[in-house]
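For reference, the structure discussed in these notes is given below.
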Amino acid sequence: MMKLAILSTAVATTAAFAPSNSPRVGANLRMSEEESSAEQPNFSPTEMNAFSESSTGSSAVAASINGWVADESLPCFGLPGAIAPTGFFDPLGFAQKGISLNEVKRNREAEVMHGRVAMVAAVGYLAGESISGPFSIVGPANDQLQQMPAPAFALLTVTIAAMELKRATIGWVEPDFGSWSKTLWKLRDNYYPGDVGFDPLGLKPTDAEEFANMQTREIQNGRLAMIGVAGMCAQELVNHRSIMETLTFYQKVYSGVNPYEACGDTIIC
């Protein structure tokens, strides 16, 4: 009876570290006077991959997601993204000491997703203004959305809403209205910020170091795209010209040509 009690306590203690949304794992116990053994739970590698023994003999579990293990002693809990020459750059303190892991992951989620949207938008600004679309939409990109037919605009809205809802079900904990403060803005423990499982080209590396390098490249390009798109949008709001028209305008200015020479009553410059 004493052996059975000790083994039951050990198995229950180990299973307590499993994420709440991971599949239940059964442990078959076989006891006899000559033999006592317990089958350890077979956790998924993306959820639990490290078991370590402390000096007191108790077991601890470190969660690894895509090779990343949250480390409170490192800036931003060790998430990739810092490069030379600035290194870890956080002048506003979004990832300063005292910020919870969930907050850091949520901020990284927002940064990654907005960076992806900005990269698509940067291409869209140039392509949309250079190529005639299916609805004969013309002019600066800032003025093109309102030219879309109502059915197409409604379809676009529904598509974006469906994608966002899908992302929420993947990364966010289901709301508990009985205890909303514990689940509001709460990301799943085994969710890596931005990893929604969409990889049609199979570009996601399986090696932890390669994955961290790819994440760093994506984040840096996303940051640059966010700044670039903000500049494109501001420029078009100011002069109401497309990107290429603005480049042509200033090319004439710096070449000593009057950019308004061809302007007249019927030509708007």
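The values are calculated or read from the model by the stated rules, or taken from the named source; none is laboratory data. Just so you know, these numbers come straight off a predicted model, no measurement behind them. FYI the Cβ positions are ideal-geometry reconstructions off the backbone, even for glycines, and counts take in every protein chain you see. These area figures cover heavy atoms from the full protein model, side chains too; ligands, DNA and RNA do not enter into them. Shrake-Rupley method; radii C 1.70, N 1.55, O 1.52, S 1.80 Å.
Residues that are at pLDDT below 95 and open to solvent by 90 Å² or more (accessible area, probe 1.4 Å) within segment 118-131 comprise just one, Ile131.
Within segment 122-135, residues that are touching a residue at least 24 places away in the same chain (Cβ under 8 Å) and at negative phi reach partners that are of a type in the set (Ser, Thr, Tyr) and open to solvent by less than 40 Å² (accessible area, probe 1.4 Å) with beta carbons closer than 6 Å, at six or more positions or on different chains, in the pairs Glu129/Ser242. The single condition from (1) modelled with pLDDT under 95; (2) over 21 Å from the mean Cα position of the chain (by Cα); (3) open to solvent by less than 80 Å² (accessible area, probe 1.4 Å); (4) not basic (Lys, Arg) that Phe177 fails is (3).
Of the residues examined, Gly115 is one that is modelled with pLDDT of 95 or more, open to solvent by less than 50 Å² (accessible area, probe 1.4 Å) and under 28 Å from Gly171 (Cβ atoms). Any residue that is part of a helix (DSSP H, G or I) and surrounded by 14 or more Cβ atoms within 10 Å (Cβ to Cβ) - is there at least one of those in segment 185-204? Taking every residue of segment 185-204 in turn, none turns out to be part of a helix (DSSP H, G or I) and surrounded by 14 or more Cβ atoms within 10 Å (Cβ to Cβ).
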